[in-house]
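The values are calculated or read from the model by the stated rules, or taken from the named source; none is laboratory data. Fair warning: this is a prediction, and the values are worked out from it, not measured in the lab. All Cβ positions, even for glycine, are placed from backbone atoms using ideal geometry, and neighbour counts span all protein chains on display. Protein only, heavy atoms only, side chains kept; ligands, DNA and RNA dropped before computing areas. Shrake-Rupley method; radii C 1.70, N 1.55, O 1.52, S 1.80 Å.
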Amino acid sequence: MPFDPEKILAMEPIIVRQTLTKRDTILYALGVGADELAYVYEEGLSALPTMAVVMAYPGFLWQKPELGIDWKRVLHGEQFTELHVPLPVKAMLRSETKIEAIYDKGAAKGSIAHVVRRIIDEETNTLLATTTTNTFLRGNGGHGGSQGKPPAPHLVPDDRAPDEVITLTTTHNQAAVYRLSGDYNPLHIDPEVAKAAGFDRPILHGLCTYGVAGRALLKALCDNNPARLRRMDARFSSPVYPGETIATEIWHEGDGRAAFRSKVTERDVIVLTHGYAEFL
């Protein structure tokens, strides 16, 4: 079917329900490389704040034929996560996902889809987290769309060195483990799909890189207390390959705020930029 922004914007919210278990919480932590007992052992288990991005996840919706999306050219552009309360390790969840805007960048550049997901504890009707995604639809531009433009990204200081740098490794099977939390985009496992998208091999999920950076923020800003991280925004600027090392540079901005960016040390390439965090 042809790409029709107005039709997509008129769609009803996608409702997903999930029975979150401790096993799911542990599997997510392993998927982003955590090995601390607090995140991988069911006794005294805590949820990583970035797990919000996979809770009651609607799946890789861009493959739906009725959307008319060139899904092999889709890239995750930006991720914003707001934690309203500390995340549970088990719960009955409901999510409501809505494509709220499509910003047309022109036929040569494609479009940006602005997608908001509200994650709710269904038993208590508590809003747990709100995740917002800007996704690049590289093959779907020049068709019109929403008025305005996406919010301006947070600027990372360029006039001073970072206050802290936290370096964490990924494994060669990191993408294979991370996808078990629900993101089955074949770009991250199938070499042929990766080549069709312009990569010489499968790349790590952007949200896995995001989770690794979240672990770094917890260590640097929150004394590894997951209840203290309340917001984390970032732009994906370059892919990570499984097995590479991610160094997250952090600048303190006062009053529970920080800027950050992450880079792959082996290639000296910035992979997350315009990072912004709020914490208690």
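A few comments on the model shown:
- Sorted peptide list for 224-233, 153-162, criterion being average Cβ within 10 angstrom, highest first: 224-233, 153-162
- Count, lysine Cα pairs under 16 Å in the chain, 8 or more residues apart or across chains: 9
- Karplus-based coupling profile of the range 107-120, in residue order and whole Hz: 4, 6, 10, x, 10, 10, 9, 9, 10, 10, 10, 9, 10, 10, with θ = phi - 60° in 6.51 cos²θ - 1.76 cosθ + 1.60 and x standing for Gly or Pro.
- Solvent-accessible area per residue for the range 179-280 (1.4 angstrom probe, square angstrom): 37
- The range 63-216: relative contact order in percent, alpha carbon pairs under 8 Å with at least 6 residues between: 21
- The range 13-87-the range 117-182 distance, computed between alpha-carbon centres (Å): 11
- Here the dipole of the chain is about 480 debye; that uses its Cα centre as origin and unit charges on the Cβ of Lys and Arg (positive) and Asp and Glu (negative).
- Counted by Cβ distance under 10 Å from Thr25, the other residues give a net charge of +1, where Lys and Arg count +1 and Asp and Glu count -1.
- Sum of side-chain charges, Gly44 neighbourhood, beta-carbon under 13 Å (Lys, Arg +1; Asp, Glu -1): -2
- Farthest toward the positive end of the dipole of the chain, out of Pro86, Pro2, Gly44, is the Cα of Pro2, where the dipole comes from beta carbon charges about the Cα centre.
- For the range 74-189, the residue among Phe136, Asn173, Pro162 whose Cα projects farthest onto the positive side of the dipole built from Cβ charges is Phe136.
- Net charge contributed by nearby residues that have their C-beta within less than 12 Å of Ala216 (K/R +1, D/E -1): +2
- Residue of Gly254, Gly211, Gly59 that the Gaussian network model of the chain assigns the largest fluctuation, springs spanning Cα pairs under 10 Å: Gly254
- Per residue, the average separation of C-alpha pairs within less than 8 Å and at least 6 apart gives the chain a relative contact order of 20 percent.
- Applied to the range 124-139, the Karplus parametrisation 6.51 cos²θ - 1.76 cosθ + 1.60 on θ = phi - 60° returns per-residue 3J(HN,Hα) values of 10, 6, 8, 6, 8, 7, 10, 10, 10, 10, 10, 10, 7, 9, 5, x Hz, with x for Gly and Pro.
- Sequence-distant residues sharing a close amide H with Ala101 (under 5 Å, placed H): His114
- As a fraction of the 1.4 Å probe accessible area of the range 122-280, surface on carbon and sulfur atoms comes out at 49 percent.
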